[in-house]
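The values are calculated or read from the model by the stated rules, or taken from the named source; none is laboratory data. Quick caveat, the model's predicted, so the values are computed rather than measured. Here the Cβ positions follow ideal geometry from the backbone for every residue, glycine too, while neighbour counts run over all protein chains shown. Heads up: the accessible areas ignore ligands, DNA and RNA and are worked out on the full protein's heavy atoms, side chains in. Shrake-Rupley method; radii C 1.70, N 1.55, O 1.52, S 1.80 Å.
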Amino acid sequence: MGMISWLEIRRKIVHNISLAIPIGYHYLSKETALIVLFPVFGFYLFFDVLRLVHPGFRQFFDRVITSRFLREREHKGLIGSTYFLIGALLTIILFPKEIAIASLYILIISDTAAALVGVMWGKTRLTSGKSLEGSLAFFLSGLVIVGFTMRGHELWGCLGVLGATLAELFPVVLDDNLLIPLVAGGIMWVGW
């Protein structure tokens, strides 16, 4: 059994705080959800870009945030939270509410399950460097989410989970926080 780093634990706690978005969207209209999310996104994007271009702010940001939460690849580009908000906004804008909510739950819960299971029990490494066990955790948790959120559209929900699992598994240029909900939502939308 592997040990999960404090960095990953902190990241997953913050990642799971974002459950407020699909939970809140369940009770809000699309317009209201977007009115709430756009300023939050603007705030994140402003400070994320500011740390990349302003040396003084970068020092402050590095001291307070970078050492506690960021992965190495985020040091010179946008952070995962910014990509998450872009993905959440696009998912809410592009897809029907039920699909958007399911896709965001898949991103948050299944990605966390994959990371935790992969680190703790992942023994079978795949070509992407990720583990078979983590990918199975992603897929199975996604199926549970679809069972609760995609009533009457389970087949396309399952296909969306499969697509999101593959998107999470194989390294591509786009950040997972942007790619996963768009792939899951896009596939589900085909069968809507």
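Quick look at the numbers
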read-out: Single residue of SER128, SER103 found to be among the polar types (S, T, N, Q) and either part of a loop (DSSP other than H, G, I, E, B) or at pLDDT below 95 (or both); value: SER128
read-out: Residue within the stretch 141-155 that is open to solvent by 60 Å² or more (accessible area, probe 1.4 Å), assigned to a helix (DSSP H, G or I), closer than 16 Å to TRP189 by Cα and free of Cβ contacts under 8 Å to residues at least 60 places away in the same chain present; value: yes
read-out: Subset of the stretch 127-138 [more than 20 Å from CYS158 (Cα to Cα) and surrounded by fewer than 19 Cβ atoms within 10 Å (Cβ to Cβ)]; value: THR127, SER128, GLY129
read-out: Scan of the stretch 100-130 for residues that are within 27 Å of ILE86 (Cβ to Cβ) and either among the small types (Gly, Ala, Ser) or free of Cβ contacts under 8 Å to residues at least 12 places away in the same chain (or both), ordered by number; value: ALA100, ALA102, SER103, SER110, ALA113, ALA114, ALA115, GLY118, SER128, GLY129
read-out: Subset of the stretch 104-115 that is among the hydroxyl-bearing types (Ser, Thr, Tyr) and farther than 14 Å from ILE23 by Cβ - its residue that is surrounded by the fewest Cβ atoms within 10 Å (Cβ to Cβ); value: THR112
read-out: Flag for THR124 being open to solvent by 50 Å² or more (accessible area, probe 1.4 Å) and of a type outside the set (Phe, Trp, Tyr); value: yes
read-out: Failed criterion for GLY186 (all others in (1) within 17 Å of the chain's Cα centre (by Cα); (2) crowded, with 21+ Cβ neighbours inside 10 Å; (3) under 15 Å from LYS97 (Cα atoms) hold); value: (2)
read-out: Restricting the stretch 156-179 to residues that are of a type in the set (Val, Ile, Thr) and in a loop (DSSP other than H, G, I, E, B), the residue that is least open to solvent (accessible area, probe 1.4 Å); value: VAL172
read-out: Scope the stretch 10-34; condition at pLDDT below 85 and either closer than 12 Å to PHE84 by Cβ or surrounded by 12 or more Cβ atoms within 10 Å (Cβ to Cβ) (or both); matching residues; value: ARG10, ARG11, LYS12, VAL14, HIS15, ASN16
read-out: Where a residue in the stretch 1-30 is closer than 20 Å to GLY122 by Cα and assigned to a helix (DSSP H, G or I) and its partner, wherever it lies, is at pLDDT 75 or above and open to solvent by less than 30 Å² (accessible area, probe 1.4 Å), with Cβ under 7 Å and at least six apart; value: GLU8/ALA115; LYS12/THR112; LYS12/ALA115
